[in-house]
Amino acid sequence: RRSLSTAPKLTSGAFLRTSSIGVARRCVPKVRGMCTDAEPREAMEYDVVVVGAGPAGLSAAIRLKQCAIENEKEMSICVVEKGAEVGSHILSGNVFESHALDELIPDWKDKGAPLETKAEEDTFLFMTGEKASFTIPQVLLPQVLNNHGCGNYIISLGELTRWLAGQAEELGVEIYPGFSASEVLYNDSGAVVGIATRDVGIGKDGQPKDTYARGMELRARQTLFGEGCRGSCSEEVISKFSLRDGKDMQTYGIGMKEVWEIPEENHKAGLIQHSVGWPLDSKTYGGSFLYHMKPNKVLVGFVVGLDYKNPYLSPYQEFQRWKTHPEIRKHLEGGQCVSYGARALNEGGLQAIPKLSFPGGALIGCSAGFVNVPKIKGTHTAMKSGMVAAEQVYASLEQQATETVGDGAEVASFESVEVSSYQTAMEASWVWQELKAVRNVHPSFHNGLYLGMLYSGFTLKFTGGAEPWTFSNKDYKGDHTTTGLKKDFSPIEYPKPDGKLTFDILSNLARSGVNHEGDQPAHLTIKPALTTSPLKSYMEYAGPESRFCPAKVYEFQENETTGEAELVINAQNCVHCKTCDIKTPDNYVKWTVPEGAGGPQYQGM
């Protein structure tokens, strides 16, 4: 994989670069300016551009190249990734189901895929208090929670994506980490024709520095968006093409994770433990995971549904408090926390998946929302969506013309098409069947934990999703609308961290490796039409953004002159979890990508 030091510099000035198969391709000057106030950008052209080097994007790139090789065609594929390296922005549980990987790379074991810890034991706890809990018998648990009997693995998803990137490059895929896709490009007919990377070298004052360089246009016949949950470009195309029309609004959770290293004598490789209940109340959706991964790591995490109501609730503090329960503490005692991170995740299920295709591109992976919430998995479904998209895109492009950009043709010489067969193929796939079977589980928890558990047991254990009804909430306006007024709730007093088992946010944040160029415009801003919303948030909702952010980006401080509360945005702390883009009252935060390579530098997540 190319590092920033060895990758071709996406800067001004035409240049020649040599692809992995030795074909020189010239960067073409930009013909029509997308920004009238700046110098024209230059462009590189491909048959397909994939945004995001996650499991969906890399699976799509690999499958596209496989299709081309099988048919003795030359097809140029580019993957652009905002993280400094592949995997540095990847965070997941992760108990991995290899179904999609088995299809994509059948000999993955021989090729050294980082799947080393087999699931050996499943435990599910119902926590009833700070020291009390009971184990739900295996016989009562649905099959979706059976990991040890299904050949699943406990993995680091970041390491898996790094391995997938290597497989992709061996096939000739070009991967550019460290470059943020900041703009979607459209042609005169409104179809997507690629993306542009963010300009670099702009100071906080908005003026160019000595290091200034225009972003590069990456033009393509098809653009696949696999940015993950709430990706900024993905959300733009969802809005532009009205892809959510007739669908439920997506709902989300915030997941926080720590990686611990413990004494080997206390380690039990393959142990999987999930829990619900304490410390959350019965009206707040959430749960936890605890996995033992070789050689001596324990992966612990806590998820809180972002449709919660109490403005004083802090998901991060609930995570820290959860670790003090005896059934969690015993796994971590004598160990050391070595990594921390957080990421929003989709929880809306089948009903909230938008239309998948649009002129010039498609949504894949968590950009669309293929997470199986009750199964607590989404990697296998994300990978499969990328593979299905790749097969349909390849078939469409081959049918359109025998010549490709890889052969030297220009993107502008092809008509932009919508690969609507991707939607049909996905609906016929095992992903759709899997999500349909569990479609009513997450919505059933809107009536509280106990009714949710009762209904979930019924549908997962007995009907298998065959019930003739589907719970839907098309009137739902988003998780930012559910926060209650502060007058209706009481502040929550959380215990102080001890620095050994529990930690304050900033101490833990150091373990994420988060870093941004200091002298650049903030990538988190207040929408121009909502400049009064931060004060409203503080006065009416007690400023929940100061508590739901897992990186202490948002703080309210008293103005020494006026005495009024003012919002302070510590954008340099941001781990790109996207929670503020989801939960802030009035949805007043505008999230944009910072300069490429900024953000967390996750290792082993």
Quiz item: Residues in the stretch 412-419: is at least one closer than 19 Å to Glu70 by Cβ, acidic (Asp, Glu) and open to solvent by 30 Å² or more (accessible area, probe 1.4 Å)?
Solution: no
Quiz item: Using beta carbons and a limit of 8 Å, which pairs, at least six apart or on different chains, have the first residue in the stretch 222-250 and within 16 Å of Ala389 (Cβ to Cβ) and modelled with pLDDT of 95 or more and the second one of a type in the set (Gly, Ala, Ser) and surrounded by fewer than 19 Cβ atoms within 10 Å (Cβ to Cβ)?
Solution: Gln222/Ser396
Practice problem: Can you work out which of the residues in the stretch 342-376 that are more than 21 Å from Phe471 (Cα to Cα) and part of a strand (DSSP E or B) is farthest from the chain's Cα centre (by Cα)? | Solution: Phe358
Quiz item: So, of the residues in the stretch 91-130 that are in a loop (DSSP other than H, G, I, E, B) and touching an Asp or Glu at 6+ places or on another chain (Cβ under 9 Å), which turns out to be nearest to Gly604 (Cα to Cα)?
Solution: Pro114
Exercise. Would you please name the residue that is least open to solvent (accessible area, probe 1.4 Å), looking only at residues in the stretch 333-343 that are under 18 Å from Gly287 (Cα atoms) and out of contact with any Pro (no Cβ under 8 Å at 6 or more places or on another chain)?
Key: Tyr340
Quiz item: Does Val79 count as in contact with a helix residue (DSSP H, G or I) (Cβ under 7 Å, 6 or more places away or on another chain), over 24 Å from Glu258 (Cβ atoms) and touching a residue at least 24 places away in the same chain (Cβ under 8 Å)?
Solution: yes
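For (1) closer than 22 Å to Glu545 by Cα; (2) of a type in the set (Ser, Thr, Tyr); (3) modelled with pLDDT of 95 or more, each residue gets a yes or a no:
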{"site": "His292", "(1), (2), (3)": "no, no, yes"}
{"site": "Tyr312", "(1), (2), (3)": "yes, yes, yes"}
{"site": "Gln317", "(1), (2), (3)": "yes, no, yes"}
{"site": "Gln336", "(1), (2), (3)": "no, no, yes"}
{"site": "Gly341", "(1), (2), (3)": "yes, no, yes"}
{"site": "Glu347", "(1), (2), (3)": "yes, no, yes"}
{"site": "Leu350", "(1), (2), (3)": "no, no, yes"}
Quiz item: Could you give every pair whose Cβ atoms fall below 6 Å, whose first residue belongs to the stretch 173-194 and is over 26 Å from Gln66 (Cβ atoms) and in contact (Cβ under 8 Å) with a residue 24 or more places away in the chain, and whose second residue is assigned to a strand (DSSP E or B) and open to solvent by 20 Å² or more (accessible area, probe 1.4 Å), counting only separations of at least 6 or pairs across chains?
Solution: Leu185/Val193; Asn187/Val193
Self-check item: Selection from the stretch 406-444 of residues that are of a type in the set (Val, Ile, Thr), within 30 Å of Thr463 (Cβ to Cβ) and in a helix (DSSP H, G or I)
Solution: Thr424, Val431, Val441
Practice problem: Scan the stretch 540-552 and give yes if some residue there is loosely packed, with under 12 Cβ neighbours inside 10 Å and in contact (Cβ under 8 Å) with a residue 60 or more places away in the chain, otherwise no. | Solution: no
Quiz item: If you take the residues of the stretch 44-82 that are part of a strand (DSSP E or B) and charged (D, E, K, R), which of them is least open to solvent (accessible area, probe 1.4 Å)?
Solution: Asp47
Quiz item: Yes or no: Gly215 touching a helix residue (DSSP H, G or I) at 6+ places or on another chain (Cβ under 9 Å) and either surrounded by fewer than 16 Cβ atoms within 10 Å (Cβ to Cβ) or in a loop (DSSP other than H, G, I, E, B) (or both)?
Solution: no
Exercise. Report, by residue number, each residue of the stretch 114-162 that is open to solvent by 20 Å² or more (accessible area, probe 1.4 Å), touching a residue at least 60 places away in the same chain (Cβ under 8 Å) and either within 30 Å of Glu85 (Cα to Cα) or acidic (Asp, Glu) (or both).
Key: Glu116, Lys118, Glu120, Glu121, Glu130, Glu159, Arg162
Quiz item: Can you tell which of Gly464, Gly448, Gly378, Gly452 is small (Gly, Ala, Ser), touching a residue at least 24 places away in the same chain (Cβ under 8 Å), surrounded by fewer than 19 Cβ atoms within 10 Å (Cβ to Cβ) and closer than 23 Å to Ile272 by Cβ?
Solution: Gly464
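The values are calculated or read from the model by the stated rules, or taken from the named source; none is laboratory data. Since we're looking at a predicted model, the values are computed, not measured. Counting neighbours? That spans all protein chains shown, and the Cβs are built from the backbone with ideal geometry, glycine included. With ligands, DNA and RNA removed, areas are computed over all heavy atoms of the protein, side chains included. Shrake-Rupley method; radii C 1.70, N 1.55, O 1.52, S 1.80 Å.
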